[in-house]
Amino acid sequence: MDIGLEVLPVCRRGRPCRYNSAYCDRVLILAAEGCGKAEIAAGLGVSVKTLNAWMAAFDDFRQAMSEAKELEYAWWLWVGRK
């Protein structure tokens with residue numbers, strides 16, 4: 001029986017998970033500016049450990065971080081050519 005309740009992702013323990021799928025877009029924007037993992041974490045206001053946990057828990061975030069690595073690398077190549 002479906003009563004229309006939304007099932008939220010469960011974090012392992014502690015306070016509720018702050019993850020928001022809109023973070024994927026922000027990750028790509030930061031990476032396109034050459035930001036690495038630590039800077040992306042700071043830009044989202046979380047730790048690198050949290051980024052790693054989100055990558056393990058959320059497929060869309062894992063995909064965004066994978067694309068981010070390519071964007072970051074491309075930015076640094078562009079800077080090197082300038």
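The values are calculated or read from the model by the stated rules, or taken from the named source; none is laboratory data. Just so it is clear, the structure is predicted and the values come from calculations on it, not from any experiment. Note: ideal-geometry Cβ built from the backbone for every residue, glycine included; neighbour counts use all protein chains shown. Surface areas here come from the heavy atoms of the whole protein model, side chains and all, with no ligands, DNA or RNA. Shrake-Rupley method; radii C 1.70, N 1.55, O 1.52, S 1.80 Å.
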Looking at the structure I just gave you, is LEU51 surrounded by 14 or more Cβ atoms within 10 Å (Cβ to Cβ) and modelled with pLDDT under 95?
yes
Please verify whether ALA64 is hydrophobic (A, V, I, L, M, F, W, C), on the phi < 0 side of the Ramachandran plot and surrounded by 15 or more Cβ atoms within 10 Å (Cβ to Cβ), treating the condition exactly as stated.
yes
Six or more apart or on different chains, Cβ under 6 Å: which pairs go from a residue in the range 57-82 that's under 15 Å from LYS37 (Cα atoms) to one that's surrounded by 13 or more Cβ atoms within 10 Å (Cβ to Cβ) and among the aromatic types (Phe, Trp, Tyr)? Could you list them?
PHE61/TRP54
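So, in the range 1-38, how many residues would count as being over 14 Å from LEU71 (Cα atoms) and either at pLDDT below 65 or open to solvent by 100 Å² or more (accessible area, probe 1.4 Å) (or both)?
Keep residues of the range 1-38 that are over 14 Å from LEU71 (Cα atoms), which gives 1-23, 38.
Narrowing the set further to residues that are either at pLDDT below 65 or open to solvent by 100 Å² or more (accessible area, probe 1.4 Å) (or both) leaves 1-13, 15-16, 18.
Qualifying residue count, the range 1-38: 16.
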Unmet requirement for GLU39, which otherwise passes all of (1) out of contact with any Leu (no Cβ under 9 Å at 6 or more places or on another chain); (2) among the acidic types (Asp, Glu); (3) within 21 Å of TYR19 (Cβ to Cβ):
(1)
